[in-house]
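Here's a structure for you.
The values are calculated or read from the model by the stated rules, or taken from the named source; none is laboratory data. All figures in this text were calculated on a predicted structure; none of them were measured in a lab. Methodologically, a virtual Cβ is constructed for each residue, glycine included, from the backbone with ideal geometry; neighbour enumeration extends over all protein chains shown. Side chains are part of the model used for accessible areas, which takes the heavy atoms of the whole protein and leaves out ligands, DNA and RNA. Shrake-Rupley method; radii C 1.70, N 1.55, O 1.52, S 1.80 Å.
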Amino acid sequence: MTGRTVTGARTATPGRLEELADGVFAYIQPDGGWCVSNAGILLEPGRGGGPVLVDTAATQERARAMRAALGGLTPESPRLIVNTHFHGDHTFGNAVLAGPGTVVVAHERTRTEMAAAGLGLTTLWPDVEWGGIELMLPDLTYRQGLTLHQGERRIELIHPGPAHTTNDTLVWLPEERVLFAGDVVLPGCTPFVLMGSVAGSLAALELLRKLDPLTVVGGHGPVSGSEALTRTEEYFHWLTELAAKGRAAGLTPLQLARETGPGPYGDLRDPERLAANLHRAYSELAGEELGHALDVVSVFGEMVEYNGGVLPLSHA
């Protein structure tokens with residue numbers, strides 16, 4: 001890691017660029033909570049151009065700020081945009097960041113889920129200034145894995161199975177040992193698997209261990225190392241044990257979440273996600289298929305209840 005920090009565009013909601021290796025930048029958006037996501041910018045080694053982006057941003061303003069940060073590195077438009085999953089906070093900025101000829105790449109289910117969800121995320125936080133968002137779906141999709149070549153750099157796209165969602169993509173740079181994990185890893189934030197899987201997340205984390213990343217860029221939160229994998233694994237093991245005890249006691253996920261509180265993970269952002277994660281854990285304990293669709297709207301309502309009737313805060 002070079003340690004160089006580059007300030008992004010001067011807007012009301014700026015992100016910052018952290019150079020992790022030669023031409024490999026994480027675009028970090030504090031504070032990392034709901035809909036405030038990270039991204040990546042990869043410049044072609046030796047050229048500084050031919051950029052590849054990993055995710056975009058939630059709002060038009062935030063996407064424009066990222067575009068200005070990109071412009072401070074290279075005048076070229078992105079050759080490729082890789083979306084790590086379908087959620088709008090990682091994809092709504094595609095159209096703002098794309099230039100003529102930009103190709104958007106993602107897992108095949110990401111395209112399907114993006115098309116089905118549309119701009120529905122905006123209805124959860126109607127007070128956010130989303131701007132003139134235009135949905136831009138992936139042009140190129142893959143099923144299990146895909147290798148991209150950016151000059152001498154190899155970029156591995158890996159689908160780990162159901163984890164944060166059913167359509168996650170891990171972006172792995174094997175030479176630099178830099179991992180863009182999307183929301184499979186959320187340093188400093190409570191994991192969220194309402195649309196994914198607890199057991200699948202643990203399997204994905206085992207895969208990440210084998211990759212042995214030096215640097216981990218989660219979909220939210222600060223840049224981290226392998227300690228973020230450890231903390232995430234510990235959370236899911238704790239969640240699994242908690243769910244088994246609560247289900248045996250006849251408690252609903254919301255009742256169990258209220259009785260438990262954040263437990264040993266009170267330092268993590270967005271603790272209301274516990275209620276949703278318990279729904280997923282209960283589903284798996286009942287033998288349902290990993291990634292089986294749950295009633296997202298209803299469970300989101302339970303997160304609001306857990307949060308004292310207050311909508312989870314988004315700084316998007």
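What shape does segment 97-138 have by the C-alpha gyration tensor, where a ≥ b ≥ c are the square roots of the eigenvalues, rounded means a/c under 1.5, and otherwise prolate means a/b greater than b/c and oblate the rest?
Numbers: a/c = 3.51, a/b = 1.40, b/c = 2.50.
It comes out oblate by the Cα gyration axes.
Same structure again: Given the options A57, A293, A181, state which has the largest fluctuation in a GNM of the chain using a 10 Å cut-off (strictly under) for Cα springs.
A293
Taking a ≥ b ≥ c as the square roots of the Cα gyration tensor eigenvalues, with a/c under 1.5 meaning rounded and otherwise prolate when a/b beats b/c, else oblate, which class fits segment 267-316? Show your work: numbers first, answer last.
Working: a/c = 2.28, a/b = 1.97, b/c = 1.15.
Cα axes put segment 267-316 in the prolate bin.
So, one more: Can you give the relative contact order of segment 28-172 as a percent, counting alpha carbon pairs under 8 Å and 6+ residues apart? Show your work: numbers first, answer last.
Numbers: 298 pairs, mean separation 31.9, N = 145.
Taking the mean separation of contacting Cα pairs over the length of segment 28-172, I get 22 percent.
Over the chain, what is the mean sequence separation of C-alpha contacts under 8 Å (at least six apart), divided by residue count, expressed as relative contact order in percent? Mind dumping the intermediate values first?
Values: 712 pairs, mean separation 49.1, N = 316.
Once divided by the residue count of the chain, the mean separation gives 16 percent.
Moving to a separate point now. Of H279, H237, H90, which is the most mobile in a GNM of the chain whose springs link Cα atoms less than 10 angstrom apart?
H237
Using the Karplus curve 6.51 cos²θ - 1.76 cosθ + 1.60 with θ = phi - 60°, what ³J(HN,Hα) values do you get for each residue of segment 232-249, in whole Hz, with x for Gly and Pro?
5, 4, 4, 4, 5, 5, 4, 4, 4, 5, 4, 5, 4, 5, x, 5, 5, 7
To the nearest 10 degrees, how steep is helix 198-211 against the longest Cα principal axis of the chain, on a 0 to 90 scale?
The helix 198-211 is inclined about 40 degrees to the chain.
Now a separate question. Using a 1.4 Å probe and counting only protein heavy atoms, arrange M66, M136 so the residue with the most accessible area comes first.
M136, M66
Looking only at L42, L290, L211, which one moves most when the chain is put into a Gaussian network model with springs between Cα atoms under 10 Å?
Of L42, L290, L211, the Gaussian network model singles out L211 as fluctuating most.
With only Lys, Arg, Asp and Glu charged, each at its Cβ (+1 for the first two, -1 for the last two), find how big the charge dipole of the chain is about the Cα centre; round to the nearest 20 debye.
Details: 23 positive and 37 negative charges, 85 e Å.
Around 400 debye, computed over the chain.
Taking the solvent-accessible surface of protein heavy atoms with a 1.4 Å probe, what is the per residue accessible area of the chain in Å²?
Dividing the accessible area of the chain by its residue count gives 40 Å².
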